[in-house]
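Inspection log for the structure reproduced underneath, given as C-alpha cells.
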Amino acid sequence: MREHKLEDALRLNSASGAEILGFRPLYRQVKENFVRRLVDGSWSPGMALPSEGQLASEIGVSQGTVRKALDELAAENLLVRRQGRGTFVAEHDEQRILFQFFKLVRDDGITHFPDSTVVHVEIAGASDAEYAALELKADDQVIRIRRLRSLGGAPLILETISLPERVFPGLADGPVPNNLYSLFARRYGVTIANAREKLKAVVLTTEQADVLQVAAGSPALEIDRVALSLDGSPVERRLSLCLTEEVHYQSDLR
C-alpha cells in the first residue's frame, strides 16, 4: 500500500550530503508523515509498527532517515521502543500518565496513580476562560466534569475538566473512567501529545474546602492545564486544586 508515499519532491541534496525536502531536513518530513498516521488512526495505540526497513522502502528514503524520525517520536513519548520486539504506538496507560502528565509526588518519593470520584457532569455553554483555552467557536458547548481525586483514600485534588462537546460527543452520557486519556484515544481517536500548565498558589473557598475535607481558606496549588492533541489542537482544559501537605509538584527538566 502506497497511500502514505511522500511527495515526489523527496530527494538527496548531493552537494551537501544532507537529505532535505525544500529547506527542511528530510527526517522531519518523514516524522510529519508518521504523525499523520497517528492522527488519522492508521497507527492506533498499542499497534506494532512495520520494521524500519519496510517503512524506508515504502516511503522511498533511507533506513537511517526513518530511524531518526522514529527516535524523535519515541523521545516525545508517542512511540515505544521495545528491545527485541520492535516499535509500538504508545498507549495512555497509568504508567505513562504518571511519567508524562501527573506531576504530584508524595514527599517520600513514591508515585501512585490517584483514584477518582465523579462529583458532577454537565453539558453547558463555555465560560470565557474555556473559550480562550480551548479555542472554541461561538456556538460550541463544553462537557464539564468535576471530580475528586484521592491517594490512599485521602482527598488530594479537586478537578474541573472542560472538553469540547463536538470533539467528544456522547462522553457525558456514560461512566467517566479514571484514565480519561486512554478513553480519548480508544473511543475518539484523540491522542494527547503534550500539555502546557500554569501554576498558582490559592486559598480554597468554603465550597471547595468542603469537597476536599479541609478548612475554608486552606492553601492549595492551582494547576491550570491545557492538553493538546497530535495536531496541536487544544482538546482539554483541566483546572486542578491540589492539597500539598504531603505531596509536591515535581518536573524533570532536560
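The values are calculated or read from the model by the stated rules, or taken from the named source; none is laboratory data. Every value quoted in this text rests on a predicted model; they were computed, and no experiment measured them. For neighbour counting, all protein chains shown are included, and Cβ atoms are generated from backbone atoms with ideal geometry for every residue, glycine included. Keep in mind that these areas ignore ligands, DNA and RNA; they rest on the heavy atoms of the full protein, side chains included. Shrake-Rupley method; radii C 1.70, N 1.55, O 1.52, S 1.80 Å.
Remark: spin-label model distance A215-A154 equals 1.7 nm, labels positioned 7 Å along the Cα→Cβ axis. Note on segment 128-197: semi-axes of the ellipsoid equivalent to its C-alpha gyration tensor, largest first and rounded to whole Å, are 22, 16, 13.
Lysine pairs in the chain whose alpha-carbon atoms fall under 22 angstrom of each other, counting only those eight or more residues apart or on distinct chains, come to 5.
Summarising the label geometry, the points placed 7 Å from Cα in the beta-carbon direction at D252 and D173 lie 4.1 nm from one another.
For L70, L230, the ranking by accessible surface with the largest value first comes to L230, L70, using a 1.4 Å probe. Working note: Cα atoms of the chain, range along each principal axis, descending, whole Å: 69, 46, 32. Trypsin sites (Lys or Arg not before Pro), restricted to segment 115-156: which are DSSP loop and have at most 14 other Cβ atoms within 10 Å? Loop-located and lightly packed - K137. Highest mean packing first, where packing is the average number of other Cβ atoms within 10 Å per residue, the peptides 154-166, 212-224, 106-118 line up as 154-166, 212-224, 106-118.
The GluC sites (Glu not before Pro) of segment 55-90 that DSSP puts in a loop, and whose beta carbon has at most 15 other beta carbons within 10 Å, are E76.
Per residue, the accessible area of segment 159-254 comes to 51 Å² when a 1.4 Å probe rolls over the protein heavy atoms.
Evaluating kT/(6 pi eta Rh) at 37 °C and 0.692 mPa s, with the Kirkwood radius of segment 161-226 over Cα pairs in the Stokes-Einstein relation, gives 228 µm² s⁻¹. Mean residue ellipticity, 222 nm, helices only, the chain: the sum of -39500 (n - 2.57) across DSSP H runs of n ≥ 4, divided by residue count and rounded to 500, is -7500 deg cm²/dmol.
When every Cα-Cα distance of segment 199-254 is counted in 10 angstrom steps from zero, the calculated P(r) takes the values 21, 40, 27, 11, 0 percent.
Based on the reciprocal of the average 1/r between different C-alpha atoms, the Kirkwood radius for segment 121-254 equals 15.8 Å. Remark: segment 237-242, residue by residue, has Karplus-estimated 3J(HN,Hα) of 10, 10, 9, 10, 9, 10 Hz, where x stands for each Gly or Pro and the curve is 6.51 cos²θ - 1.76 cosθ + 1.60 at θ = phi - 60°. If R0 equals 30 Å, the separation of the Cβ atoms of R187 and R28 corresponds to a calculated FRET efficiency of about 0.45. I'd like the carbon and sulfur percentage of the solvent accessible area for segment 210-254, probe radius 1.4 Å, heavy atoms only, ligands and nucleic acids excluded. Heavy-atom surface of segment 210-254 belonging to carbon and sulfur, 1.4 Å probe: 46 percent. The length gained on full extension between E135 and S44, counted as 0.36 nm times the residue separation minus their Cα-Cα distance, comes to 30.1 nm. Rg over Rh for segment 41-145 works out to 1.12, using Cα positions for both radii and the Kirkwood form for Rh.
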